[in-house]
Structures are given as C-alpha cells and as structure tokens.
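Readers should treat all values here as calculations from the given coordinates under stated rules, not as data from a laboratory. A quick note: this is a predicted structure, and the numbers were derived from the prediction, not measured. With ideal geometry, Cβ positions are generated from the backbone for all residues, glycine too; neighbour counts draw on all protein chains shown.
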Amino acid sequence: MRLLSLFLAALLLPASAMAGENVTDLTLKSIDGTTVSLSDYKGKVILVNFWATWCAPCLKEMPKLNELQAELGDKGLQIISISADDAKDQAKVKATTRRMKYTPKVLLDTEAKALEVYNPNKDMPFTFIIGPDWTIAHEKKGFTEGDEEKLKHWVEELLPKG
Amino acid sequence: MHRQALLFAALTLLAAAPAHAVQLGQPQPGSVLPGANLKFSNTFYYKWNHFLDDNVDDDIDPSADYHEFVNRLRADLEIGKFSIGTQLDLVGIGPGCEDPAWAAKFEDGECEPPRTLRGSGGLGWEPDASPTFLPRLEKVWLKYRGKNVQFEIGDYYAAFGRGVILSMVKKPEIDQDSSLLGGRFDIQTKRFDFTALAGMTNPQEVSMELRNTSINRTPFSVIAGGQMKFRPVDGWEIGVHGAGYDLEVEEKKGAVGGYLEANNLAAGYLDLFIEGNALMSRQVQYGDGGEVLGSTLDPGWAFYGAATGYFGAVTLTLEGKSYRNARILQRAGPVVPLQYNLPPTLEHEASVTEAINNTIQSQDVHGWKLQADIWLLPTDTTLFASFANSFDGQRHPGFNEERQIMIHPQVGIDQPIHLAEGKSLHLAGDVGYRHDFPWQFDEGHDEHVPDQFLSNFGVLHFRADIGLTIGKHAFEIVSTYRRQHWTLEEEVCFESLGDAGYCDSDDGWVSVENAVSYTFMGKYTAALHVDFTDDPLVQNATTNGAPGNLHYDQGFKSSAYIGGEVILKPISNLEIAIFGGSQKAGIVCTGGACRTVPAFTGVKSKVTVNF
C-alpha cells in the first residue's frame, strides 16, 4: 500500500519532467557550417525541437514549426531544430530541410551531445520551450495533428505582451 | 521468482520517489543543492514469453513459458557545468528453482531453471552468481561542459567526419547502446575544435528488445583517436582525424583521414562535402595449437563525397563512395551487431533485408546515388525520386554468390490535404526496386555472365502511410511490403543459414507489415498489427526467429503474426504500453543502423516514468 501511495504521489507531481530547470547551454554545428549556442538566443522564447529524417511524425511536425516561426519570429520566438541523424546522413538532413523551405535554425547533433542532456531516451519528435528567464517552461513528446495549437499557446504565454 | 518481481516493483517505485523529495531543481530556499538539477528516468518492463507447439504430432512438448523483468534506471545530477550520472539495469527471469511449483518438477534430480541469464561460455560471469537475476551497471559518467572546454570521464559517445572511421552513438529506439568507456577531452571555439579520446567499447548487455537469456559477456576493444576542425570562414570547415583500434578479435587497425566541407557556394545554390580515409589492418594468424604464425597487413581506403544543389522547388543530392577493405567494425555476436563505425551506405533502409551485412554494409563497394526532391507549392506536394548504382566487389554467400552490380530506382510522394477546419488527411508513400546483377571474375578479367543476367536477386519494396485527423481523433494506416526474388538456375543449398541448412531455387520471400492505429488527444493510442512473412532468414535460428516462439522448423513455409497494442500517455512523464499477441522476428532499422529482433508470442508491457 505504501508503494502504491508513493507511485501515485510521484505521478501527481509536476507533469513536465524538465519544467523549471535552468538550461544547460550547448554549442552545435548548424547545417550551414556555423556554430550556434542556445545562449546566442538568451532572452528570447526558444523552442527546441529534436527530429530525424527517419522519423515520420517529425516530418509532419516540421511544416507546422515553419509556420510558427514565420508567425511569431518577429515577436521574439526562435525555433531551433536539432537533427538526431547520424553523421553519415548529413546530406539527407540538408536536402530535407531545404526541400521544406525550413526557416528555423537546424543544428546537427551527430555525437548525441544534446540528446544526452535534454532527451536521453531519444523520443522523436521531442520539444521543449525555454522562456526569456532561461528556464525550461514546457516539454512535449511526439506529434499528432493539432499539437501545433498547443505549442503556439505555450509560446504566446511566454512572449512579451503587447 | 514472485519475490524477485516484487523486488523489481519496489525498486522501480522507490528509485523514483527521492527525486521529488529533495526538489533539487529549484533554486529556492530549502533546496539541498541550489541550482542543481536531478533527473530520473525509470523504465520497467515485463514480458511473458509463451511457447507454441510447432508440431503437435511429434510428442515433444513446447518449451516452458517464462517471464522476464527488466528495470532500467537512469539518473543524472547536474551541478553547474558538471554532471554525474549512471544507468543501472536489473534483469530477472522466472520461474527459478526457488519457485516451489517449478522445483517440484525435479523430484529426483537437481533443479534447473527453464532459462538462465548467463551464457554457458563462461565469458567473465561470476560462477556463483544467480542464474536468474542479473544487476548491471551499464553506464557511468562524469562530464564537464564549459563553453570552450569540455571533458567526459566514463561512458561517452563519439563520431568523426561522416562516421567512416568512428561512429558510436546510442540508438535507444532499437535499444542499442554501445559507448566508449574511458576519457574524452574537447576544445570548442568559433573557428577551431579539437577532440582527443580513448576508451574501451562498452556495449549495453541487458536488452529490452532481445531475449535476456544466455547473455555472454564479450571481450572489449580499445579505441583511441583525435580530431581537429578548422573553420577559416563561415560555412567552410576542414577536418582531420585519426583513430587506432585494438579489436577484440586479435586485429589491430588504424585509420587517418580528413574532409572538406563548403556550404552556400555559388550564391547559396550548392553545398559540397568530401572525405577521404586511409585504412590499415593487421591481422594475426594462429596455428592449430594457438601459436602465432605471423600477421598480415591489409591496406584499404574509404572515400565519400556529397554535393547538394538547390534550384528553387528542386533539390538535387549527389553522393558517391569508394570503399576498399573498409570493414564495419563491430562487436562479435550473432544477433547484436553493435557497430563502432557507420559509413554512409547510400542505400535505402527499405531494401535492407535480414542479411544486413550482405545488403548495405559491404566492405568493398563503389557507387553513387542521385536524389531529386521536388516541392510543388500550389498543392503542397513533395515528390522525390532517386537512383542508386553500385558495384559490390565482395561475395556474400547465402545472399549473393557473386560480386554484383546493383541498381535501385525509387520514387515517393508526400501529400497533406486540408479537408476542413480541424480535419486533414496526410498521404505518403514510396515504391522502389533493387536488383543485383551478378558479375563474375574469371582469370583476372571482369566478365559479365550473360546467362545469369536477371538471375540473381531483387527486392521490390512499397510503403504507404495514410493519416486522417478529425479534431482530437487521429487514425493512421501504415503498410509496408517487401518481396525478394531469387531466380537461380537450380536449387541451391546454403549451409550458412543455420544449423538445419536451407535450400531454395526461385521462390524468394514476402514480408508484409500492416498497422492500424487510433489516437485520442495525442495521448491514448490503440493499434492492431498484422504481419506476414515466409522469409527463411526470419525463421532462421541464428536470427533468433521462428514463428511466434516456435523453435526453428525446417518445414515452415509462412506465418501470420497478429498483435494488439495500447499506449497510454495520461501525463507527459508517464507512458504505459501493453502489447499482446505475436510479433515476427526480423530486422528493425533506424538511421541506417539495424538490429534483428526475435519473434515473440505472449504479453509484454512497459512503464516509463520520467522525473
């Protein structure tokens, strides 16, 4: 009975595993050959999205993120998409993002450094949102149609009002 | 065994609880370590393996059912720029001899459990250890992440260039995790990066995909290497790397290479990448008595290049490779190929068959692939077409008896359709065909044998994905089909396909996988899987296959596999998945890495809790 109580108590605690955490900064290479750190966008609302070319739900989510970046980019949103593809598939990553006319920043995590810190179970897709106060406000696993509205709502909550 | 099950459940729950008790993550008064983050991820897995009777007429009872429990606890404590963490796996199987019902079967002799965790090879296991319970400290790490300097001690991952000489990155989606256990040091600046590393290969022993029985500890290999990257201007990168391997199989290997990457050339229309590596392998020969007879040096190379052009709605990607003695370095094992490097293959995963090494990972191959992606803005349609061509200079007995030329065209489409507010349809599909033409070498001359033209091997593959979303309700149908054909002149028997051997003439095999799913609110999913195959390799003992959990049956011709699955994600840190039914053996690929999963009949459930 005690074990059951502990289990239920655990589940009732905050739903977001990382929410409230301070952000660990990371520097990765982007697909255009530059190096990018998360801290380069400190002060903005940063939506970090893990994806891979072999992940079908990820490829369905990316056009929605593209629209979100276009709509809210001027208001202070920066979407950073981190590719979990292996080193050998970098050509595929570039072709995929260019094909989609994908405007968010795309970083390459060929050595799984970002995955180890933020998404060690390699859930795909996996998204978390960093607020202007440099803490993680929300996180979400997977994607089904309609989830983009939830993401937009979360981002708008964090963006400066007015 | 019931006590072990209870122990597992208790560990699962108790391990998770302290994370909330101390609230380390909040920089507030009362925190144990202000500014620290403590993360727990715990996965508990239960599998009931049910064995069917493969032949009711032979008076041989099927194997006894048995249970598997696996608990995987991962903890990571971050304090400032440091983090320290571990992954602890516990696995238990039952029934064991402490179970009275099982022990009663051995009135006249010493009790033996139906399955044991440890292999019989005596490869490093403690002799007095429990045969049904195994704790494993799989991973442990200490990391420092400064802005320009980082170091890692313990388990870490690494990849150089495009993975030709080193690519050790875990793949949790297929439960494959091979790390290096040692040290790694990095300097990272805007224009210059430096990496030095050394360690022992450390494959994850306990699995949530494979059967946790007869686990053999394998000897480790030692890998050391370094890499430097220089970015003279934005978009350009020059890299040099080198690595040395002392492999577990009495082989030493060295590789040095470099690459050039140039982005946004020709006013942003072109990206280029080219990598070259020189390889050297030294293999030791032994006599019958184990004495060293000598060694041979075997040089090789691995070149890879990619050019991507962007022309409005059209993206063209051209890749080329030339590998000579560019072997995939991997842990020895019949069903667990854990690669230490992963060169670009240029091959589609859809054409990968159960003979992984024979289809995409040849060590002596030269080829190219051109892919066009076309995006039609008015209809939001994406079309793609590719053509791959390669010459494989390596024989693969049991798959291709001769060296071969491969061609592989493929076309696909991705079409989202907006039906109405809150209603959408998504169609995606692709179809391709790979054919391998034999190419016989005779007396030093390359000679194509006309009567074997179109007489060897081909794979037709098809995939369709239809998704319908109506408000909070999402439906999806995914169907894949693969058909391999053999058209040999006469029946050929292959001894390499398992103990029982295998003879075939021209029937090939078919593999069909269908899944229908319904998801509500993105949280609750019910799915039905209906698969079929008559692939002899799937049934083969070495792939841990056979229909359901039947033993390998040489007379087996085909089987269907039906299973149902429910996945519940009521809150974001809890996932409960329950599967019941049969699951066919076969290959599972992700990102170019593949592993062969065993057949399964029974019930398995998985509870994942993240804190």
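Quick notes on this one:
- Structure note, pairs B:Lys147/B:Lys190; A:Lys141/A:Lys161; A:Lys44/A:Lys105; A:Lys101/A:Lys140; A:Lys29/A:Lys105: Cα-Cα distances above 18 angstrom occur for A:Lys141/A:Lys161; A:Lys101/A:Lys140.
- Selection of chymotrypsin sites (Phe, Trp or Tyr not before Pro), the range A:93-158, meeting DSSP coil and at most 15 other Cβ within 10 Å: A:Trp134
- Applying D = kT/(6 pi eta Rh) to the range B:134-184, where Rh is the Kirkwood radius over alpha-carbon pairs, T corresponds to 25 °C and eta to 0.890 mPa s, the Stokes-Einstein value obtained is 198 µm²/s.
- Neighbouring Cβ atoms from other chains, within 10 Å of the Cβ of residues in B:518-528, number 2 on average.
- Net charge, B:Gly183 excluded, C-beta distance under 13 Å - Lys, Arg +1, Asp, Glu -1: -1
- Residue-averaged beta-carbon neighbours from other chains (10 angstrom radius) around B:425-433: 1
- Between 0 and 90 degrees, the angle of helix A:56-72 with respect to the longest Cα principal axis of chain A falls at about 80 degrees.
- Global form of the range A:33-80, assessed from the alpha-carbon gyration tensor, a/c cut-off 1.5: oblate
- Share antiparallel - DSSP beta bridges, the range A:16-158, percent rounded to 5: 60
- Distance between the range B:226-295 and the range A:50-106 - C-alpha centres, whole angstrom: 30
- Peptide B:312-322 - average C-beta neighbours from other chains (10 Å radius): 2
- Proximal charge balance of B:Tyr481 [Cβ under 9 Å; K/R count +1, D/E count -1]: +2
- Cross-link partners for B:Lys321 among the lysines, with Cα-Cα distance under 20 Å and sequence neighbours closer than 8 places in the same chain left out: A:Lys88, A:Lys92, A:Lys94, B:Lys369.
- Where labels lie 7 Å past Cα in the beta-carbon direction, separation of B:Met200 and B:Leu427 in nm: 5.7
- Chain A, helix-only ellipticity at 222 nm - DSSP H runs n ≥ 4, -39,500 (n - 2.57), divided by all residues, nearest 500: -10500 deg cm²/dmol
- Of B:Arg463, B:Arg145, the sequence from fewest to most neighbouring Cβ atoms within 10 angstrom is B:Arg463, B:Arg145.
- Net charge contributed by nearby residues that have their C-beta within less than 9 Å of B:Ser41 (K/R +1, D/E -1): +2
- Hits among lysines - C-alpha to C-alpha of B:Lys139 under 16 Å, sequence gap 8 or more where chains match: A:Lys113, B:Lys39, B:Lys170, B:Lys171
- Only the Cβ atoms of Lys and Arg (+1) and of Asp and Glu (-1) were treated as charged; on that basis the dipole of the range A:16-158 about its Cα centre amounts to roughly 480 debye.
- For the peptides B:160-167, B:519-526, the ranking by mean Cβ contacts within 10 Å, running from highest to lowest, is B:160-167, B:519-526.
- At q = 0.09, 0.12, 0.15, 0.22 Å⁻¹, base-10 log of I(q)/I(0) for the range A:16-158 (Debye sum, equal scatterers on each alpha carbon): -0.23, -0.41, -0.67, -1.67
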